[in-house]
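Presented below is the structure to which this report refers.
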Amino acid sequence: VRGSLIVVDPGGLTFAAVRRRLHPTPALVEGFALASPATLAITDLIMEGSTDMRPWGLADRRRALERLADNLSIPAAATNLRRIAPGTPFVLSPQTFDRSTARAWLEDRDATGRDGVIARHADGRRWLRVRRVRSAACVVTGYRHAGGGVGSIRLGLYDGSRLIDVGRTVAFSRAPVRRAAAA
């Protein structure tokens, strides 16, 4: 599956709580996770068993994703994402094929708390993120070796044409994770 990590607290969606999880100290990350548990808002299905779903059209992938969510008892998120109960592990992200509905979601800042919407072509392969506020799309600016793989990665954000260092991830302490990060 593909999705977005979100944190909902009593005040609504909070990007700062997601960003705190990039802290280099595992104990602090665990504390943040306990204080404000994250939710994975599932947006797309790219593999079903051994079937590569990427060549499928978006509507067909969505139907397959909805069946999977139903089988796993994953609730559909309300259009107002702020209504997700804090600590809900997974939700099925809202989706529409109606352009005016998507525009209303983008413009309704008070009700949704969204920083944008993703507009996809019906073939499901081409897409565009439409944002109304700046958010963090981090880039990897460097990495540290450890135990035959990547130990941690440095992250940066663009501010116009200038790249700003924002810190590093927690150490990839498990060997399979280090090897996967190096691939």
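See the values below:
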| quantity | calculated |
| --- | --- |
| Evaluation of Leu81 against (1) at pLDDT 75 or above; (2) closer than 25 Å to Arg120 by Cα (one fails), failing number | (1) |
| Cβ pairs under 7 Å, 6+ apart, first in region 37-56 and touching a residue at least 24 places away in the same chain (Cβ under 8 Å), second among the hydroxyl-bearing types (Ser, Thr, Tyr) | Thr39/Thr88; Ala41/Ser4; Ala41/Ser93; Ile42/Ser93; Thr43/Ser4; Thr43/Ser93 |
| Positions within region 127-145 being of a type in the set (Gly, Ala, Ser) and either in a loop (DSSP other than H, G, I, E, B) or at pLDDT below 65 (or both), in sequence order | Ser135, Ala136, Ala137 |
| Those residues of region 37-53 which are of a type outside the set (Val, Ile, Thr), within 13 Å of Gly3 (Cβ to Cβ) and surrounded by fewer than 18 Cβ atoms within 10 Å (Cβ to Cβ), in sequence order | Leu40 |
| Residue among Gly124, Gly148, Gly156, Gly167 that alone is modelled with pLDDT under 70, over 17 Å from the mean Cα position of the chain (by Cα) and surrounded by 12 or more Cβ atoms within 10 Å (Cβ to Cβ) | Gly124 |
| Count of residues meeting criterion [outside any loop (DSSP other than H, G, I, E, B) and either under 15 Å from Trp127 (Cβ atoms) or of a type in the set (Ser, Thr, Tyr) (or both)] in region 42-53 | 3 |
| Single unsatisfied condition, Val117 versus (1) modelled with pLDDT of 75 or more; (2) surrounded by 14 or more Cβ atoms within 10 Å (Cβ to Cβ) | (1) |
| Qualifying positions in region 54-91 - surrounded by 16 or more Cβ atoms within 10 Å (Cβ to Cβ) and in a loop (DSSP other than H, G, I, E, B) | Trp56, Ile74, Ala77, Asn80, Ile84, Thr88 |
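The values are calculated or read from the model by the stated rules, or taken from the named source; none is laboratory data. What you see is a predicted model, and the numbers here were worked out from it, not measured in a lab. Every residue, glycine among them, receives a Cβ derived from its backbone with ideal geometry; neighbour counts consider all protein chains shown.
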